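Structure, as structure tokens:
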Amino acid sequence: MIWFAIRDEETRHFEPADRGLPTDRFVPTGSLVIEARLSSDGRPRTLLSFRDVHPWERSLTVKALPSGGIVLVQSQNGEMRHMALSIDTTERADLLRITYSWDAPSRECALSIECPERGTVRHTEAKQPWPLWQDDVKAMALSDYMVEIDRGVEFIAFSDRIEPVGPMPSLSASVPLLCSGAFRPAGKIRKGDLVETLENGPVPVLDHVHRTVPARGSFRPVRLRSPYFGLQRDIVVAPDQKLVVSQPMVEYMFGCEAVLVPARHLVNGTSAIWEDRATTITYHQLILPAHETLIAAGSPVESLFIGRMRRKKDLHERSLLSGRPRHALPEHMLSAHQVLRPFEAITLVEQCAA
């Protein structure tokens with residue numbers, strides 16, 4: 001079991017984290033993930049609010065403050081604990097991913113805020129967490145009257161483990177990547193294999209990462225359809241997976257040979273569509289020496305960008321790569337290609353299709 005409760009406008013899903021035990025027990029280790037878009041007017045917003053009084057009074061509230069911060073407040077029998085993080089005012093209009101993780105046996109908890117579209121992470125830690133009661137998680141996932149969720153919330157989800165933050169994989173397992181003259185599924189490629197790249201030909205895979213996530217919000221799968229974007233077959237990717245687009249129209253419109261386009265900006269009902277079939281999805285990605293460009297079903301796509309994580313101990317410890325030694329990680333420089341904004345991507349797709 002990983003994600004045992006997921007809720008959005010259309011889905012309410014719950015199954016016990018441990019099917020062998022009743023639901024009236026605590027979840028000793030787990031994570032609450034909320035994705036939401038905040039209004040730019042600066043008004044306070046209650047993203048999630050839960051309260052119950054049986055068999056004792058307890059509540060959980062997550063709020064967005066006018067000052068630009070996120071605060072999480074828990075109460076039990078009159079006692080209260082809170083965690084808070086500030087965000088830049090320019091980030092309020094972006095999609096935010098809020099992750100609260102607790103580990104009761106280790107007596108540690110953490111609150112993180114990510115802007116997936118910018119790649120930024122903010123984080124704070126605390127001691128002596130109160131683990132959530134599994135019945136309370138069930139109520140937050142299913143109830144109409146015990147919980148309030150702001151309309152700007154994309155989804156809430158609970159897992160039974162500490163969820164990582166930072167760079168995330170973004171290719172479904174079946175995406176074919178070019179390897180020494182033949183295509184292989186992304187999910188089958190391993191460390192040490194050679195993959196073909198746009199810049200440097202065959203390069204060794206330094207690592208393969210994967211993660212199972214709710215198929216919602218910034219994880220909602222996108223189906224890119226052939227023959228658009230040079231694809232020889234359809235592929236399914238995460239919304240933040242970037243394609244490298246280099247057509248004559250790119251140089252005409254943007255004055256450069258190539259641009260990066262997030263898959264989310266390409267969804268138009270024709271060349272790219274949302275793939276809503278499952279509750280969760282497992283994404284994969286490859287770490288290459290110099291952040292080279294992969295060839296996926298004939299189309300250039302970005303490999304995993306980890307920046308200078310090897311120099312950032314705190315981020316490394318909270319990431320998918322925490323099990324790998326920092327000194328063994330490569331340093332990735334920012335891509336020289338411009339990342340298109342939504343309206344730019346839409347215009348480009350329309351012009352290329354004309």
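The values are calculated or read from the model by the stated rules, or taken from the named source; none is laboratory data. Just so it is clear, the structure is predicted and the values come from calculations on it, not from any experiment. All Cβ positions, even for glycine, are placed from backbone atoms using ideal geometry, and neighbour counts span all protein chains on display.
Before moving on, here are some points about what is shown:
- Pairs meeting the criteria (first residue in the range 31-60 and without any contact (Cβ under 8 Å) to a residue 60 or more places away in the chain, second residue part of a strand (DSSP E or B) and polar (S, T, N, Q), beta carbons under 9 Å, at least 6 apart or on different chains) are TRP56/GLN76; GLU57/SER75; GLU57/GLN76; SER59/SER49; SER59/GLN74; SER59/SER75; SER59/GLN76.
- Enumeration of residues in the range 264-290 that are hydrophobic (A, V, I, L, M, F, W, C) and crowded, with 16+ Cβ neighbours inside 10 Å: LEU266, VAL267, ALA272, ILE273, ILE281, LEU286, ILE287, LEU288
- Looking only at residues of the range 40-55 that are surrounded by fewer than 17 Cβ atoms within 10 Å (Cβ to Cβ), in contact with a strand residue (DSSP E or B) (Cβ under 7 Å, 6 or more places away or on another chain) and not β-branched (Val, Ile, Thr), we find that the one that is modelled with the highest pLDDT is ARG51.
- Test result for ALA157, over 21 Å from PRO214 (Cα atoms) and touching a residue at least 12 places away in the same chain (Cβ under 8 Å): no
- Checked against (1) part of a loop (DSSP other than H, G, I, E, B); (2) out of contact with any Ser or Thr (no Cβ under 7 Å at 6 or more places or on another chain); (3) modelled with pLDDT of 95 or more, ARG223 meets all criteria but (1).
- Taking (1) surrounded by 14 or more Cβ atoms within 10 Å (Cβ to Cβ); (2) of a type outside the set (S, T, N, Q); (3) more than 18 Å from the chain's Cα centre (by Cα) in turn, VAL261 satisfies each apart from (3).
- Within the range 86-142, tally of residues that are in a strand (DSSP E or B), modelled with pLDDT under 95 and under 21 Å from ARG12 (Cβ atoms): 2
- Within the range 272-302, the set of residues being more than 14 Å from GLY201 (Cα to Cα) and not hydrophobic (A, V, I, L, M, F, W, C) comprises GLU275, ASP276, ARG277, THR279, THR280, THR282, TYR283, HIS284, GLN285, GLY298, SER299, GLU302.
- Considering only residues in the range 174-208 that are among the small types (Gly, Ala, Ser) and touching a residue at least 40 places away in the same chain (Cβ under 8 Å), the one that is surrounded by the most Cβ atoms within 10 Å (Cβ to Cβ) turns out to be ALA186.
- Subset of the range 278-313 (residues that are small (Gly, Ala, Ser), more than 19 Å from the chain's Cα centre (by Cα) and outside any strand (DSSP E or B)): ALA290, ALA297, GLY298
- Checked against (1) under 16 Å from the mean Cα position of the chain (by Cα); (2) surrounded by fewer than 19 Cβ atoms within 10 Å (Cβ to Cβ); (3) not β-branched (Val, Ile, Thr), GLU148 meets all criteria but (1).
- The set of residues in the range 209-224 being buried (at least 16 other Cβ atoms within 10 Å of the Cβ) and either assigned by the TED database to the domain that holds GLU114 or over 15 Å from PRO176 (Cβ atoms) (or both) consists of VAL209, ARG211, VAL213, PRO214, ALA215, ARG216, GLY217, SER218, PHE219, ARG220, PRO221, VAL222.
- Summed over the range 318-339, the residues that are in a helix (DSSP H, G or I) and either surrounded by 13 or more Cβ atoms within 10 Å (Cβ to Cβ) or in contact with a Gly (Cβ under 6 Å, 6 or more places away or on another chain) (or both) give a count of 2.
- Of all residues in the range 234-258, those that are touching an Asp or Glu at 6+ places or on another chain (Cβ under 8 Å) and modelled with pLDDT of 85 or more total 6.
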